[in-house]
Amino acid sequence: MTQTHCPYCSLQCGMTLERAGRTLEVQAWPEFPVNEGALCRKGWTATGLRGHRERLTTPLVRDRETGEVRATGWDEALDLVAGRLRELRTSYGADAVGVFGGGGLTNEKAYQLGKLARVALGTSQIDYNGRWCMSSAASAANRAFGIDRGLPFPLADVEQTDVLVLVGSNLAETMPPAARHLDRLRANGGHVVVIDPRRTPTADRADTFLQPVPGTDLPLALGVLHLLDAMGAVDEPYVAARTTGWDDVRRAVAAWWPERVERVTGVPASSLRALATLLAGADRAMVLTARGAEQHAQGTDTVLAWIDVALALGMPGRPFAGYGCLTGQGNGQGGREHGQKADQLPGYRMIDDPAAREHVARVWGVPAATLPGKGRSAYELLGALGTDGGPKALLVFGSNIVVSAPNATHVASRLADLDLLVVADIVMSETAALADVVLPVTQWAEETGTMTNLEGRVILRQRAVAPPEGVRSDLDVIAGIASRVGAPVVFETDPEAVFAELGRASSGGRADYAGITYDRIREENGVFWPCPTDDHPGTPRLFASSFAHEDGRARFVAVEHRGPAEPVDAAYPLHLTTGRVLAQYQSGAQTRRVRELPDDGPFVELHPMLADRIGAHDGEPVVVTTRRGELKAPARVVDTIRPDTVFVPFHWVGANRLTNDALDPVSRMPEFKVCACAVTA
Ligand code: SF4
């Protein structure tokens with residue numbers, strides 16, 4: 001029996017894996033506090049990929065001339081990769097090689113991938129798909145609080161608050177075991193507010209549901225701030241003692257009276273007043289954002305506006321109150337802390353900070369001057385592939401770019417212009433199918449490594465079974481490439497040794513793991529960072545006495561609403577938004593292959609009034625068109641969506657051929673959550 005965690009979302013539910021003959025069964029682990037034994041359908045069926053006929057078990061090399069794919073040995077594959085990388089570096093310089101990571105990789109893999117890029121390849125061109133997940137919340141939290149930990153408190157704190165505002169989160173479908181906290185909060189007499197353009201299963205559990213036009217969460221927050229100020233409900237002593245910048249925000253929200261907010265958001269002024277009154281009367285209030293609020297060209301500003309609401313109410317740092325982000329991918333939190341992000345070094349250190357470079361270089365055993373600087377963000381990196389001055393080769397670990405990137409047709413065309421595409425994956429994903437070299441790697445139950453869940457709790461996934469013959473761990477692959485390209489240091493492959501090195505590299509940084517060990521994680525059901533020493537208890541709750549800025553104060557940030565980068569017009573009169581369904585995860589590369597999970601293909605959700613207008617019928621095909629592409633898929637006619645909005649899930653090829661690649665200027669988050677579209681029957 002092995003205690004471990006689900007391979008999918010950021011809740012990282014605890015589960016037990018039990019061998020029964022040749023099969024591996026998922027069983028409950030009731031003692032793990034985050035999910036208390038509950039799992040969603042994806043978790044219960046998570047062993048479905050084990051032994052799957054599509055599992056990759058040998059390296060593959062594709063002949064560019066004929067397109068033919070042949071199996072090869074590991075040495076031949078890694079020699080080929082390293083040889084091409086060396087040639088490209090010689091011809092074009094170190095930045096000719098790009099590295100693309102994933103928010104599902106363990107902390108150890110994310111750390112080694114960053115080290116591979118900076119130490120072995122010497123390239124600045126590394127980023128990861130977490131840039132497209134919660135980077136706007138991260139940049140907002142860094143600005144407001146001086147630190148970015150998705151939830152600065154345990155998730156169960158939700159149950160003890162008085163008013164919970166969920167902005168753009170459908171947690172009842174995306175992380176169902178978390179919905180128990182909403183139910184308990186309501187049983188305790190608390191009030192749940194859900195803000196979403198769709199009436200989701202989460203909204204069905206709410207006391208108040210607001211349904212704004214996609215892309216208008218920001219002015220909604222400005223309207224709440226306007227009313228809180230007008231009502232005299234701003235916590236002035238808290239604002240004076242623990243924050244700076246309120247006066248700028250007060251001036252900025254003065255013009256956002258409720259009727260103006262109604263015109264922009266579609267939310268009735270009366271509903272806005274009711275929400276402000278509810279918040280003003282709450283002893284404890286909590287605002288949680290997710291992708292619906294964050295994946296916008298103004299995602300950082302949107303989150304900052306909601307943090308302003310929480311600060312105006314005096315909530316961050318109080319027990320059972322404050323602001324948090326519900327991260328998405330399994331290691332969305334840890335994945336951005338240890339160096340696979342273009343601008344960061346391990347420990348959430350910034351790569352342009354000389355002291356940070358010195359510290360990390362010392363741990364790595366190389367001169368700080370040899371470490372490259374900041375590279376391109378994820379979408380900009382992909383957009384530069386194969387161009388003059390852009391990378392000529394790309395190494396992809398744990399990401400299915402051609403399904404998950406915005407404006408995916410453009411991204412596929414960039415990949416086609418590469419001299420070398422290498423993909424490490426467990427199955428032949430849509431991206432692996434385009435690769436010159438495919439490297440088969442271990443999946444979750446076959447390896448040990450740490451993840452950091454949405455609460456900042458570092459947990460341990462433990463190996464339960466041996467991988468299939470021929471498959472290697474990503475850590476082995478990274479080390480194999482590093483040695484072949486002439487890395488000046490040896491790369492560890494044992495996960496526990498890598499984690500110990502990661503701890504040293506993170507020591508003194510914002511995300512300090514130095515006091516965390518595998519044994520402690522096992523004994524304590526996870527350890528919350530920061531945890532700087534062996535005898536430190538970890539930090540479940542942040543901000544009780546001070547924020548992470550040097551002066552200890554949080555920052556109000558005044559923001560203005562600009563609206564979506566691509567407003568609707570006569571040619572594209574509807575809003576398109578995207579999201580997840582319960583049975584699938586991210587690009588679907590893993591879950592679409594699990595037999596027990598329904599694979600309904602993409603569909604187009606639209607309101608009956610819209611369906612009537614265009615002559616569409618439930619179950620029959622409609623065509624969604626944007627300036628970037630089109631998708632033909634069956635209509636799902638539902639009255640839970642706004643009549644001016646269309647929803648497409650993104651787990652299948654198609655949704656992201658439609659989405660807009662406009663980027664947030666701070667986080668570089670693409671605007672996945674809204675663009676202009678047209679629909680025809
Ligand atoms: Fe839990 Fe998320 Fe896995 Fe479902 S997918 S079992 S909510 S970790």
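The values are calculated or read from the model by the stated rules, or taken from the named source; none is laboratory data. Please read these numbers as outputs of a predicted model, since none were measured by experiment. Backbone-built Cβ (ideal geometry, glycine too); neighbour counts: all protein chains shown.
One residue is enough: does segment 580-592 have a residue meeting the conditions β-branched (Val, Ile, Thr) and within 14 Å of the ligand (Cβ to nearest atom)? Full working, then the answer.
As a first pass, look at segment 580-592 and keep what is β-branched (Val, Ile, Thr): 581, 591.
Filter again for within 14 Å of the ligand (Cβ to nearest atom), leaving 581, 591.
Checked segment 580-592: at least one residue is β-branched (Val, Ile, Thr) and within 14 Å of the ligand (Cβ to nearest atom).
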So which residues in segment 164-223 are under 20 Å from Gln295 (Cβ atoms), among the acidic types (Asp, Glu) and surrounded by fewer than 24 Cβ atoms within 10 Å (Cβ to Cβ)?
Glu173
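Within segment 1-38, count every residue that is buried (at least 16 other Cβ atoms within 10 Å of the Cβ) and closer than 19 Å to Arg593 by Cα.
The initial filter retains those residues of segment 1-38 that are buried (at least 16 other Cβ atoms within 10 Å of the Cβ), namely 2-17, 24, 26, 28-29, 32, 34-35, 38.
This time we only want the ones that are closer than 19 Å to Arg593 by Cα, so: 6-9, 24, 26.
Summing the residues that are buried (at least 16 other Cβ atoms within 10 Å of the Cβ) and closer than 19 Å to Arg593 by Cα in segment 1-38 gives 6.
With the condition kept exactly as written, say whether any residue in segment 413-424 is of a type in the set (A, V, I, L, M, F, W, C), out of contact with any Pro (no Cβ under 6 Å at 6 or more places or on another chain), in a helix (DSSP H, G or I) and over 21 Å from Arg84 (Cα atoms). Working first, answer last.
Within segment 413-424, the first condition is being of a type in the set (A, V, I, L, M, F, W, C), and the residues that meet it are 415-416, 418, 420-424.
Filter again for out of contact with any Pro (no Cβ under 6 Å at 6 or more places or on another chain), leaving 415-416, 418, 420-424.
Then drop every residue that is not in a helix (DSSP H, G or I), which leaves 415-416.
Retained after the next criterion (residues that are over 21 Å from Arg84 (Cα atoms)): none.
Within segment 413-424 (the criterion being of a type in the set (A, V, I, L, M, F, W, C), out of contact with any Pro (no Cβ under 6 Å at 6 or more places or on another chain), in a helix (DSSP H, G or I) and over 21 Å from Arg84 (Cα atoms)), the answer is no, since none of the residues qualifies.
Regarding Glu620, is this residue of a type in the set (D, E, K, R), at pLDDT 95 or above and over 26 Å from the mean Cα position of the chain (by Cα)?
yes
With respect to Leu606, determine if the residue is closer than 21 Å to Pro406 by Cα, at pLDDT 95 or above and not charged (D, E, K, R).
Working: closer than 21 Å to Pro406 by Cα: no; at pLDDT 95 or above: yes; not charged (D, E, K, R): yes.
Criteria not met by Leu606.
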Qualifying positions in segment 385-407 - under 16 Å from Asn129 (Cα atoms), outside any loop (DSSP other than H, G, I, E, B) and touching a strand residue (DSSP E or B) at 6+ places or on another chain (Cβ under 8 Å)
Leu394, Leu395, Val396, Phe397, Ile401
For a quick check of your reading: which strands (runs of 3 or more DSSP E) sit entirely within segment 8-63 and have at least 1 residues that are away from the ligand (no atom under 13 Å from the Cβ) and touching a Lys or Arg at 6+ places or on another chain (Cβ under 7 Å)?
23-28, 60-62
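What do you reckon, is Val403 β-branched (Val, Ile, Thr) and within 24 Å of Ala479 (Cα to Cα)?
Working: β-branched (Val, Ile, Thr): yes; within 24 Å of Ala479 (Cα to Cα): no.
So Val403 fails the test.
Within segment 533-552, does at least one residue satisfy the condition of being outside any loop (DSSP other than H, G, I, E, B) and either more than 16 Å from the ligand (Cβ to nearest atom) or surrounded by 14 or more Cβ atoms within 10 Å (Cβ to Cβ) (or both)?
If we filter segment 533-552 for residues that are outside any loop (DSSP other than H, G, I, E, B), which is where we start, we get none.
No, that holds for no residue.
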Which listed residue is touching a residue at least 40 places away in the same chain (Cβ under 8 Å) and crowded, with 24+ Cβ neighbours inside 10 Å, from Val471, Val438, Val423, Val427:
Val438
Flag if Gly365 is of a type in the set (Gly, Ala, Ser), closer than 19 Å to Ala137 by Cα and out of contact with any His (no Cβ under 9 Å at 6 or more places or on another chain):
no
Which one of these does Arg70 not meet: (1) within 16 Å of the ligand (Cβ to nearest atom); (2) outside any helix (DSSP H, G or I); (3) not polar (S, T, N, Q)?
(1)
What do you reckon, is Pro530 modelled with pLDDT of 95 or more and surrounded by fewer than 22 Cβ atoms within 10 Å (Cβ to Cβ)?
no
Picking from Val158, Val99, Val165, the residue that is within 16 Å of the ligand (Cβ to nearest atom) and either modelled with pLDDT under 95 or not acidic (Asp, Glu) (or both) would be Val158
Working carefully through the options Val249, Val253, Val287, Val264, find the one that is in contact with a Ser or Thr (Cβ under 6 Å, 6 or more places away or on another chain) and among the β-branched types (Val, Ile, Thr).
Val264
Filter segment 174-205 down to residues that are among the charged types (D, E, K, R) and outside any strand (DSSP E or B) and give me whichever is nearest to the ligand (Cβ to nearest atom).
Arg180
